[in-house]
Structures are given as structure tokens and as C-alpha cells.
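Participant: Before anything else, here's the structure in question.
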Amino acid sequence: MSDSPFSAVPAAAPFWLSAALLPLVALAAWQGGAWWMLIPAYAWYLTSALDGILGKNGMNADPDAGADLFWHRAITVVWFPLQFAAIFGSIWYVQATGHLSGWEKLGLFFGIGVLSGSIGIVYAHELLHQKTVHERWLGDLLLASVLYSHFRTEHLLVHHSWVATPRDAVSARYNEGFYSFFVRVLRDGPRSAWIAEKRFLARAGRSFGDRRNPFWRYAALQGAMLALALVLGGWQGMGLFVFQAFIAVWQLELTNYVEHYGLSRKHLGDGRYELVRPRHSWNASHRATNWLLINLQRHSDHHFKPDRRFPLLQTYAPDEAPQLPLGYPAMTFVAMIPPLWRRRMNPRVRAWRRQFYPEIGDWSAYNRGTLPMPRSAL
């Protein structure tokens with residue numbers, strides 16, 4: 001699969017772009033001032049600019065080729081200790097040296113939140129979908145480092161089963177602004193995960209207090225992270241840890257908002273919905289941001305084949321999946337300005353409806369999220 005002029009580059013190397021963020025964190029912690037701004041500048045602006053220069057990549061790897069993916073997988077496996085060092089090393093360093101002002105510390109930990117949200121949660125997402133125990137544990141550790149462990153249950157038990165239906169809290173509705181969506185997800189997401197896990201255990205004949213309930217692990221890991229931040233940096237260190245976690249979660253939910261905005265699975269009656277297809281996620285083939293986000297923007301295929309590792313994810317043409325006009329970093333900026341977002345995306349949603357569901361005349365129940373809950377949903 002030659003893709004000149006990039007065919008000479010080792011296949012896995014571009015997906016290691018995230019590693020450049022780590023020395024930027026160290027530089028910001030050491031120098032203070034506005035050096036922290038290099039972190040979002042790299043993760044957001046540079047990759048968006050590179051998308052404009054390098055364009056899109058429509059090439060698809062053979063998903064059945066059985067290629068050696070060691071170096072692709074390696075970046076996700078090594079990321080937790082690197083992120084752990086960036087977060088807790090910075091907490092210890094800034095408290096021990098005392099050379100940064102309060103505003104400089106907030107800037108630094110905003111940048112660290114960009115790292116743990118733009119990269120850490122994306123890698124956690126990849127790891128949680130794998131079958132190996134050590135990869136799932138690494139995913140749990142990454143989520144605990146941003147105090148969002150329930151995401152594992154919500155994502156695996158609810159989102160993938162019931163995306164684009166009323167059961168899924170993170171499927172953004174048509175005309176729903178990001179800020180309303182964000183409040184709704186923060187409110188409903190943990191409760192939804194709790195209910196889903198409780199019902200899942202009940203179907204297996206286990207009580208919610210069973211030791212195999214992952215919420216015990218979630219609580220222990222998150223508690224350990226908070227305790228470590230407290231030991232290393234006192235109450236201020238804990239506050240900085242919580243601040244970077246919030247920044248990371250804000251980025252995650254911005255991405256969730258973009259990924260499924262306005263897309264709905266057809267209700268077939270009596271709480272039955274059509275199967276998930278590539279058309280139920282926004283697809284993006286922008287080269288540089290797919291390198292940084294390990295092909296997360298090939299989201300249509302991820303929902304169609306959730307167990308497919310990121311190097312093998314396929315991209316789709318417009319007749320199979322709706323296309324975003326820009327990569328995720330640029331689209332999330334647009335999402336933070338709801339009138340601009342609606343002006344840019346609502347016509348695309350309406351075109352998607354005409355293309356794939358011309359038989360549906362009344363979309364009001366889809367827009368309000370008032371269709372029946374799916375049958376047998378956890």
C-alpha cells in the first residue's frame with residue numbers, strides 16, 4: 001500500500017507524535033511563564049495546521065492482513081507511566097521549588113490536562129477495548145488519573161450498545177448546544193454507568209457488592225491518585241490534580257459531542273432500533289489529527305467494528321458515513337460557540353437525514369430524545 005510521499009516513513013512512527021508533548025510539559029514546569037501555551041499550541045493548532053497542509057488520508061489497511069502492530073501498540077502501552085510522571089512529577093516539582101506563581105501553576109496544569117485529555121483518555125479508550133488484562137488495567141489507570149473511571153462501564157456497556165438512541169447520554173441531540181450537553185453528561189453519565197453495571201451483575205446472578213464489580217476498583221484507583229497528589233503537593237497539589245482532570249474530561253466530552261451530534265438510529269417500533277452502522281458516527285480522514293489521536297476520527301468504523309485495533313480502522317466515503325469538514329481539534333473549537341456550530345453542522349445533519357432516512361418525515365421525537373428506551377438495555 002504505497003502512499004507517497006509518506007511510504008518511506010515507518011508505519012507506526014507518525015502515531016508517536018504525542019510523545020513530543022512530554023518535554024513541553026517539563027519545559028513549562030521548569031520555565032513557568034507562558035511556556036505552558038506550547039502544549040495546546042502543539043496538540044490543537046499545529047495538528048490542525050498540518051491537516052491543512054497534508055490533507056486527508058483515504059487509504060485503508062487490510063483489516064485481515066495480520067500485520068505486526070508492536071510499535072503501534074507500544075505507544076498506548078507505555079503512555080500511562082509517562083503521563084503519571086508528568087502529572088505527579090509536576091505536582092511535586094512545583095510545590096518543592098516554589099518558583100511558579102499561582103497563575104503559572106494553573107497554566108501548567110491546564111497544559112497537563114490537555115495532555116491527559118487529548119492523549120491519555122484517547123489511549124485509555126483504545127486499551128479498554130482490548131482483550132488482554134494488562135491493557136485493560138492500563139486503561140483503568142489512565143481513567144483514574146483524570147477521575148473518570150466510570151467512563152469504562154458507560155462506554156462499553158451503554159455507549160457501544162445504544163449509541164444514537166435515547167439510552168446513550170453521550171449521543172448529542174440535534175440543536176443541543178455543547179454546554180447543555182456537558183452539564184447533562186456530567187449529571188447523567190455516572191448514574192447511567194452505575195445502573196448499567198448493577199443490571200449487568202444482576203443478569204449474571206451477582207449482587208452489586210460482588211468483588212468483581214469494577215466500581216470498587218474505580219474507587220480504589222481514584223482514591224489512590226487523590227491521596228498521592230495530597231502527599232506530594234498538599235491541598236494545593238490535590239487541587240491542581242483535580243483541575244487537570246476537569247480539563248481532560250472537558251476535552252473528552254467535547255470530542256463525544258462532535259462524534260455523534262444529531263445522528264440517530266431509526267426507531268423500528270416497540271423500543272427496537274436498527275443495528276449500528278457507519279452512518280451513525282461522524283467520520284474524518286484528516287491525516288495529522290488521526291496520527292495524534294490514533295485514528296479516533298475513523299469513528300464510523302470503530303462503532304461498526306469495536307474490537308478492531310486503531311491501525312486497522314477503515315475510513316468511509318460520504319455515501320457510507322457522514323463527513324466532518326475539519327479534524328477534531330478544529331471542530332471542538334467550533335463546538336464551543338453554539339451559534340457557529342449550528343450554522344456549520346445543522347445543514348449537514350439535515351442532509352444526512354435526507355440521504356439515509358428520506359422515509360422519516362417527523363424528526364421531533366428524535367430531536368427531543370423522547371423516543372422509547374431500547375428494549376433490554378442495561
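Participant: Applying the selection to the stretch 72-88, what residues are closer than 14 Å to Gln244 by Cα and either modelled with pLDDT under 95 or crowded, with 20+ Cβ neighbours inside 10 Å (or both)?
Facilitator: Gln83, Ala86, Ile87
Participant: Filter the stretch 172-198 for residues that are hydrophobic (A, V, I, L, M, F, W, C) and in a loop (DSSP other than H, G, I, E, B) and give the result. Outline the logic, then answer.
Facilitator: Restricting attention to the stretch 172-198, the residues satisfying the condition of being hydrophobic (A, V, I, L, M, F, W, C) are 172, 178, 181-183, 185-186, 193-196.
Selection gives Ala172 alone.
Participant: In addition: Pairs needed: first member in the stretch 130-150, more than 18 Å from Val249 (Cα to Cα); second member anywhere, charged (D, E, K, R) and surrounded by fewer than 22 Cβ atoms within 10 Å (Cβ to Cβ); C-beta distance under 7 Å; at least 6 residues apart or different chains.
Facilitator: Gln130/Arg136
Participant: Here's something else I'd like to know. Any residue in the stretch 195-211 that's under 17 Å from Leu156 (Cα atoms) and in contact (Cβ under 8 Å) with a residue 12 or more places away in the chain: show its pairings with residues that are loosely packed, with under 14 Cβ neighbours inside 10 Å and among the acidic types (Asp, Glu) at Cβ separation under 9 Å, as long as the two are six or more apart or on different chains.
Facilitator: Leu201/Asp210
Participant: Another one. Quick check: anything in the stretch 277-288 farther than 24 Å from Gly177 by Cα, modelled with pLDDT of 95 or more, open to solvent by less than 20 Å² (accessible area, probe 1.4 Å) and among the polar types (S, T, N, Q)?
Facilitator: yes
Participant: Answer yes or no: is there a residue in the stretch 92-99 that is free of Cβ contacts under 8 Å to residues at least 12 places away in the same chain, of a type in the set (Gly, Ala, Ser) and open to solvent by less than 60 Å² (accessible area, probe 1.4 Å).
Facilitator: Yes: the stretch 92-99 contains one or more residues that are free of Cβ contacts under 8 Å to residues at least 12 places away in the same chain, of a type in the set (Gly, Ala, Ser) and open to solvent by less than 60 Å² (accessible area, probe 1.4 Å).
Participant: If the Cβ limit is 6 Å and pairs must be 6+ apart or interchain, which residue in the stretch 56-67 that is polar (S, T, N, Q) pairs with which residue that is assigned to a loop (DSSP other than H, G, I, E, B)?
Facilitator: Here the result reads Asn57/Ser285; Asn60/Gln314, each pair linking the stretch 56-67 to a residue that is assigned to a loop (DSSP other than H, G, I, E, B).
Participant: Given the criterion in contact (Cβ under 8 Å) with a residue 60 or more places away in the chain and either in a strand (DSSP E or B) or under 17 Å from the mean Cα position of the chain (by Cα) (or both), identify the matching residue among Asp307, Asp301.
Facilitator: Of the residues listed, the single one that is in contact (Cβ under 8 Å) with a residue 60 or more places away in the chain and either in a strand (DSSP E or B) or under 17 Å from the mean Cα position of the chain (by Cα) (or both) is Asp307.
Participant: Kindly indicate whether Val242 is open to solvent by 60 Å² or more (accessible area, probe 1.4 Å), touching a residue at least 40 places away in the same chain (Cβ under 8 Å) and out of contact with any helix residue (DSSP H, G or I) (no Cβ under 7 Å at 6 or more places or on another chain).
Facilitator: It is true that Val242 is open to solvent by 60 Å² or more (accessible area, probe 1.4 Å), touching a residue at least 40 places away in the same chain (Cβ under 8 Å) and out of contact with any helix residue (DSSP H, G or I) (no Cβ under 7 Å at 6 or more places or on another chain).
Participant: It is to be established whether one or more residues within the stretch 103-110 are out of contact with any strand residue (DSSP E or B) (no Cβ under 8 Å at 6 or more places or on another chain), free of Cβ contacts under 8 Å to residues at least 24 places away in the same chain and either surrounded by fewer than 17 Cβ atoms within 10 Å (Cβ to Cβ) or in a loop (DSSP other than H, G, I, E, B) (or both).
Facilitator: From the stretch 103-110, those out of contact with any strand residue (DSSP E or B) (no Cβ under 8 Å at 6 or more places or on another chain) are 103-110; that's our starting set.
Filter again for free of Cβ contacts under 8 Å to residues at least 24 places away in the same chain, leaving 103.
Then keep just the ones that are either surrounded by fewer than 17 Cβ atoms within 10 Å (Cβ to Cβ) or in a loop (DSSP other than H, G, I, E, B) (or both); that gives 103.
Checked the stretch 103-110: at least one residue is out of contact with any strand residue (DSSP E or B) (no Cβ under 8 Å at 6 or more places or on another chain), free of Cβ contacts under 8 Å to residues at least 24 places away in the same chain and either surrounded by fewer than 17 Cβ atoms within 10 Å (Cβ to Cβ) or in a loop (DSSP other than H, G, I, E, B) (or both).
Participant: Which condition from (1) open to solvent by less than 40 Å² (accessible area, probe 1.4 Å); (2) not in a loop (DSSP other than H, G, I, E, B) is the one that Ala321 breaks?
Facilitator: Failed condition: (2).
Participant: Would you be able to tell me the number of residues in the stretch 325-347 that are touching a residue at least 40 places away in the same chain (Cβ under 8 Å) and not hydroxyl-bearing (Ser, Thr, Tyr)?
Facilitator: Summing the residues that are touching a residue at least 40 places away in the same chain (Cβ under 8 Å) and not hydroxyl-bearing (Ser, Thr, Tyr) in the stretch 325-347 gives 13.
Participant: What about Leu252, is it touching a residue at least 12 places away in the same chain (Cβ under 8 Å), open to solvent by less than 30 Å² (accessible area, probe 1.4 Å) and under 27 Å from Ser118 (Cβ atoms)?
Facilitator: Judged against the criteria, Leu252 is a match.
Participant: Give the residue, chosen from Gly58, Gly32, that is under 30 Å from Ala317 (Cβ atoms) and either modelled with pLDDT of 95 or more or not charged (D, E, K, R) (or both).
Facilitator: Answer to the check: Gly58.
Participant: In the stretch 354-378, which residues are under 22 Å from His159 (Cβ atoms), basic (Lys, Arg) and either surrounded by fewer than 13 Cβ atoms within 10 Å (Cβ to Cβ) or at pLDDT 95 or above (or both)?
Facilitator: Within the stretch 354-378, Arg375 is the sole residue that qualifies.
Participant: Kindly indicate whether Ala335 is surrounded by 14 or more Cβ atoms within 10 Å (Cβ to Cβ), at pLDDT 95 or above and farther than 21 Å from Asn60 by Cβ.
Facilitator: yes
The values are calculated or read from the model by the stated rules, or taken from the named source; none is laboratory data. A quick note: this is a predicted structure, and the numbers were derived from the prediction, not measured. All Cβ positions, even for glycine, are placed from backbone atoms using ideal geometry, and neighbour counts span all protein chains on display. Just so you know, the surface numbers come from the protein's heavy atoms only, side chains and all, with ligands and any DNA or RNA stripped out. Shrake-Rupley method; radii C 1.70, N 1.55, O 1.52, S 1.80 Å.
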